[in-house]
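A short write-up of the structure that comes next.
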Amino acid sequence: MSGAPAAGQVCPSRSYTHSPVQLFRFSAVSWNSHRIHYDAGYAASEGFPGVVVQSTLHGETLSRRALDWAGPGAALESVSWRNRATAVAGEPLTWTGTVRAAEPCDGGTRVTLDVAVVKGDGVPCVTGLVELSWRAGRTSP
Amino acid sequence: MSAVLDEVLARARGLVGEWESEDCGVLAVKDFCRYAAALNDVGYLRRARAQEAAGDEVAAPALFLAGTMSWQDGPVEHELRPDGLAVRESPCTEGLPVRQVHGGQTVRLRQAPVAGTRVTAARAVTSADLRQGRTGDFVLLGVTTRFTAQDGAELMAMDETIVVLEGP
């Protein structure tokens, strides 16, 4: 981020994919044994073209990309999202963010971002809000 | 409304406001690092191990508590539902032919959990409503989880919605 954030500011988008290996490992560390996330045959039986990206992994992406944009000194205050469409391993995805508000708080600044993960055809997988804060004297999240 | 969804709704409404506490155990740097590694967060791994070596506090990745679906030791495989979920992760639906989809989540961070902290998660169904979607009826469950440290400090609060659909 360059300069003070302002409402309406559009963050640079970030494109990425999740590999099947990442989905398996994230299921393992989060003790999430739902088969749609690592068993392609089971996912197909539920109508999905591949193993399905975990909702909580989308939540990580929404907040981590926002923190990357914000740079050193920013901390995550909250994140909320709504699942709208399924994403699968290997699918091209894009993180987007736009500053909704920037306001003073406790000697620092709080920024609210409208964020989303969007599929290649423009359909949003998840949409939500991320709240970040910067406080005087804090040098790392 | 189907008899199956009617049963889900009745069970859920009977549980609204009934808080259950679970011991999440003592948080460990190893668990933090494995979580971060699954997210390909090399920077966290380096920083956490350096902090540990220096005797400093090591804070968990911000969403570590929220991202962990269960703190139980089990269940073993033959006790899982056909979709792989554990019964506890599937509130109000034990034995019923339903599918569940995560609707969304709100996570509010209060205090960063650090390694060595014993954490308790208190969880309750907070709402249960019948909704009509494009493909039919479903039950929308609201579930809240509050994480606290052994000194009573609130670490995180989380609200989730779970969509319960009939079949297969």
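Read the figures in this text as sums done on the coordinates, not as results from a lab. What you see is a predicted model; the values in this text were computed from it and never measured. Note: ideal-geometry Cβ built from the backbone for every residue, glycine included; neighbour counts use all protein chains shown.
In the neighborhood of residue B:97, defined by Cβ-to-Cβ distances under 15 Å, what is the net charge if each Lys or Arg adds +1 and each Asp or Glu adds -1?
Spelling it out: positives minus negatives among the neighbours equals -4.
Of A:81, A:31, A:95, which is the most mobile in a GNM of chain A whose springs link Cα atoms less than 10 angstrom apart?
In this elastic network of chain A, the residue with the biggest mean-square fluctuation among A:81, A:31, A:95 is A:31.
If you take the beta carbon distance between residue A:135 and residue A:10 as r and set R0 to 22 Å, what does 1/(1 + (r/R0)^6) give as a FRET efficiency, to the nearest 0.05?
Values: r = 25 Å, r/R0 = 1.14.
Approximately 0.30, to the nearest 0.05.
Quick one: Kirkwood hydrodynamic radius for the protein assembly as shown, alpha-carbon pairs, angstrom, one decimal? Mind dumping the intermediate values first?
Numbers: mean 1/r = 0.0491 Å⁻¹.
One over the average 1/r among Cα pairs gives 20.4 Å for the protein assembly as shown.
Which cross-chain or sequence-distant (5 or more) residues have an amide H under 5 Å from the amide H of residue B:104, H modelled 1.01 Å from N in plane?
A:83, B:161
If you take the charge dipole of segment B:3-166 about its Cα centre, with +1 on Lys and Arg Cβ and -1 on Asp and Glu Cβ, which of B:155, B:38, B:14 is farthest toward its positive end?
Positive-end residue among those listed: B:38.
Helix-derived [θ] at 222 nm for chain A: sum -39500 (n - 2.57) over DSSP H runs of at least 4, divide by residue count, nearest 500?
On the way: 3 runs with 32 residues, N = 141.
Estimated from H runs of four or more residues: -7000 deg cm²/dmol.
Given H placed on each backbone N at 1.01 Å, which residues far from residue A:100 in sequence or on other chains put an amide H within less than 5 Å of it?
A:8, A:112, A:113, A:114
Let me know the Rg and Dmax you get for segment B:3-166 when you use only its Cα atoms, in Å.
17.9, 60
Quote the charge dipole size of segment A:14-135 about the Cα centre in Debye, to the nearest 20; the model charges only the Cβ of Lys and Arg (+1) and of Asp and Glu (-1).
Details: 11 positive and 11 negative charges, 13 e Å.
So the dipole magnitude of segment A:14-135 works out to roughly 60 debye.
Roughly how many nanometres apart are two label points built 7 Å out from the Cα toward the Cβ at residue B:52 and residue B:21?
2.9 nm
What average count of beta carbons from other chains do you get within 10 Å of the Cβ of residues in A:21-29? Before the final figure, lay out each step's value.
Values: counts 1, 3, 1, 1, 6, 5, 3, 3, 12.
Shielding by partners across A:21-29 averages 4.
Using the Cα centre of the protein assembly as shown as the reference point, and only Cβ charges (+1 on K/R, -1 on D/E), how large is the resulting charge dipole? Debye, rounded to the nearest 20. Display every interim value, and only then the final one.
Working: 29 positive and 35 negative charges, 178 e Å.
I would put it at about 860 debye.
For residue B:99, list long-range residues whose amide hydrogen, built 1.01 Å from N in the peptide plane, is under 5 Å from its own amide hydrogen.
Those lying under 5 Å, H to H, from residue B:99 are B:165, B:166, B:167.
With unit charges on the beta carbons (Lys and Arg positive, Asp and Glu negative) and the dipole taken about the Cα centre of chain A, which residue among A:123, A:107, A:36 sits farthest to the positive side?
About the Cα centre, the residue reaching furthest to the positive side is A:107.
What size of dipole, in debye to the nearest 20, comes out for segment B:10-168 about its Cα centre when the only charges are +1 on Lys and Arg C-beta atoms and -1 on Asp and Glu C-beta atoms?
On the way: 17 positive and 22 negative charges, 81 e Å.
Dipole of segment B:10-168, to the nearest 20 debye: 400 debye.
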